[in-house]
Amino acid sequence: MNSSTAWLALKSLEGGFQLTTLQAADADRLASELTTLLDAWALASAVQTLTLPLPSGQIALVCTLRPDFRAQCMPGHDTLALHETLGHTPQTDEVWAVEREIWVALLGSPHRFQFASLNSLTSHIRVRRNMALDARKTALAFKTEAAERPQAFWRDGGEEPGFILQPGRCLVDALTAATQPDATGKLYDFSCYRATEYVILLGIAQELQTENPELLAQLQSLNEIHAVRSGQFHEVYLIEYGSMESPLPARFYVPGDRLWFRNPDERSSDVTGYEGSWVLYMGGGLFSNFWKRDTPFTLESKAIEIFHWKDGAYTDAQGVLQMDESVVEARVAQTEADPSARARVLERMLRMRDPKGVYAEGGCIDTTREYPKSVSREHCELVLPSF
């Protein structure tokens with residue numbers, strides 16, 4: 001294949017995911033192994049591959065959905081109805097369905113995901129699966145400033161270390177106890193951002209139990225000393241994809257993505273905790289609602305809720321801006337009951353957000369998503385900090 005032909009072929013296969021190897025024969029073997037693997041999800045016939053040389057001397061195996069399959073299942077890179085277009089029903093095995101949805105979303109992605117090996121890819125998919133399933137089980141008490149953890153597993157180390165593990169307690173059990181009331185019978189206080197960190201860390205730790213126990217031991221020791229939070233959490237554990245210059249499609253989400261919905265109303269965005277909303281995409285067209293687990297958000301219901309934050313904002317007797325959730329709920333119900341009002345709100349909200357500091361005509365949709373770094377034993381990208 002000459003360079004111009006290779007370029008045209010590569011352009012026709014933009015997005016999806018790429019596996020890198022050293023020899024052409026290895027790429028052929030990888031393609032064969034991938035086909036066998038995809039049989040378990042009834043997807044082998046839906047995938048096309050292309051082998052290309054890289055400037056580094058390595059060989060790239062580029063894997064994408066066949067155009068006809070993508071047009072049928074995720075037109076315009078819309079993944080929110082994948083569970084329906086793939087034929088999944090409430091009777092479909094939940095774990096199998098989530099993994100299958102992840103495979104299809106990665107293969108049909110407009111962004112090219114890169115993996116160092118097939119093992120790294122399958123590990124990545126399992127972490128995403130864990131996160132999506134854990135998010136479905138998570139229920140918390142929303143507190144923007146307060147915080148609470150089960151004392152049998154966690155202790156408050158102070159402002160700098162944060163909540164740290166009780167010595168010798170299992171990290172997986174501790175994260176589960178803090179986020180899943182089925183384990184403890186109690187809801188614990190979280191902000192939405194911190195809640196996503198716990199669910200992401202739980203999904204990673206669950207994978208490490210079998211994939212990389214040595215790294216899990218290091219993660220355990222780290223959390224007995226110091227919590228990794230906020231900006232540092234993002235830097236240590238996550239990779240961001242998409243940008244303001246090259247935004248991801250507004251309806252493209254992979255189960256296990258963390259994302260932010262922006263509040264486009266300047267006044268109500270000054271209420272602590274209402275600048276926007278951090279959520280996890282759980283698959284099945286649903287986004288996490290950690291405060292009301294049994295009523296997860298659709299893209300539309302989340303957008304309508306955020307739109308009405310402007311109506312719930314008020315100044316209290318101390319002159320502090322607060323949010324009245326009962327007002328928000330009432331306005332949301334009114335909008336949902338009026339098709340024309342609902343359409344107007346969604347037309348306004350389902351736009352890409354404005355840049356930071358700008359409150360103009362943008363909506364609540366962010367241009368980026370985040371996903372965990374590879375933790376596979378062979379190609380681990382996760383480097384833990386020292387404290």
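Projecting each Cα onto the charge dipole of the chain (Lys/Arg +1, Asp/Glu -1 at the beta carbon, about the Cα centre), which of 48, 209, 114 comes out farthest on the positive side?
48
Taking every pair of alpha-carbon atoms in the range 93-204, give the share separated by more than 25 Å as a whole percent.
Tail of the P(r) past 25 Å holds 33 percent of the pairs.
How tilted is helix 94-107 with respect to the longest principal axis of the chain? Cα atoms for both, answer in degrees (0 to 90, nearest 10).
Result, in degrees: 60.
When the chain is fully extended, how far beyond the present Cα-Cα distance does residue 25 get from residue 379, taking 0.36 nm per residue of separation?
Between residue 25 and residue 379, full extension yields an extra 125.4 nm.
Highest mean first, what order results for 377-384, 200-207 on Cβ atoms within 10 Å?
Answer by packing, highest mean first, reads 200-207, 377-384.
What residue among 285, 299, 317 has its Cα farthest toward the positive end of the dipole of the range 280-335, where the charges are +1 on Lys, Arg and -1 on Asp, Glu, each on the Cβ?
285
Along each principal axis of its Cα atoms, how long is the range 3-108 end to end? Whole angstroms, biggest number first, please.
47, 26, 19
Nearest 10 degrees, 0 to 90: what angle lies between the long axis of helix 118-137 and the longest principal axis of the chain (Cα atoms)?
Long axis of 118-137 versus the principal axis of the chain: about 20 degrees.
In cubic angstrom, how much convex hull volume per residue do the alpha carbon atoms of the range 250-365 span?
Taking only Cα atoms, the range 250-365 has a hull volume of 112 Å³ per residue.
Can you list, bin by bin at 10 Å, the percent of alpha carbon pairs in the chain, starting at 0?
5, 21, 30, 26, 14, 4, 0, 0
Let me spell out the model: positive unit charges on the Cβ of Lys and Arg, negative unit charges on the Cβ of Asp and Glu, origin at the Cα centre of the range 244-367. What dipole size does that give, in debye rounded to 20?
320 debye
May I ask you to derive the FRET efficiency for residue 117 and residue 186 from their Cβ-Cβ distance with R0 = 45 Å, giving the value to the nearest 0.05?
The calculated FRET efficiency here is 0.60.
What's the tally of Lys pairs in the range 230-387 whose alpha-carbon atoms lie under 22 angstrom apart, where the two lysines are 8 or more places apart or on different chains?
Step by step, the pairs that qualify in the range 230-387 add up to 5.
Mean residue ellipticity at 222 nm from the helices of the chain, using -39,500 (n - 2.57) per DSSP H segment of n ≥ 4 over the full residue count, to the nearest 500 deg cm²/dmol?
Value at 222 nm, helices only: -12500 deg cm²/dmol.
Out of 97, 79, 18, whose Cα points farthest toward the positive end of the dipole of the range 3-108 (charges: +1 Lys, Arg; -1 Asp, Glu; placed on Cβ)?
18
Place the peptides 213-219, 121-127, 78-84 in order of packing, highest mean first, counting for every residue the other Cβ atoms within 10 Å and averaging per peptide.
121-127, 78-84, 213-219
Among 267, 70, what is the fewest-to-most ranking by other Cβ atoms within 10 Å?
Result, fewest neighbours first: 267, 70.
Based on the Cβ-Cβ distance of residue 267 and residue 230, what FRET efficiency does E = 1/(1 + (r/R0)^6) give at R0 = 35 Å, to the nearest 0.05?
The computed FRET efficiency comes out at 0.90.
Pull up the cross-link candidates among the aspartates and glutamates for residue 186, meaning alpha carbon to alpha carbon under 20 Å and not fewer than 8 places away within one chain.
134, 145, 148, 156, 173, 197, 294
Run the dipole for the chain about the Cα centre, Lys and Arg Cβ at +1, Asp and Glu Cβ at -1, nothing else charged, and hand back the magnitude in debye, nearest 20.
The calculated dipole for the chain is roughly 460 debye.
Sorted by mean Cβ packing within 10 Å, highest first, what order do the peptides 44-50, 311-317 take?
44-50, 311-317
At what distance in nm do the modelled label points of residue 35 and residue 333 sit from each other, each positioned 7 Å from its Cα along Cα→Cβ?
A separation of 5.8 nm, rounded to one decimal place.
Quick note: the coordinates plus some simple rules give every number you see, no bench work behind them. Bear in mind the structure is a predicted one, so any value in this text is a computation, not a measurement. Note that each Cβ is placed from the backbone with ideal geometry, even for glycine, and that neighbours are counted across all protein chains shown.
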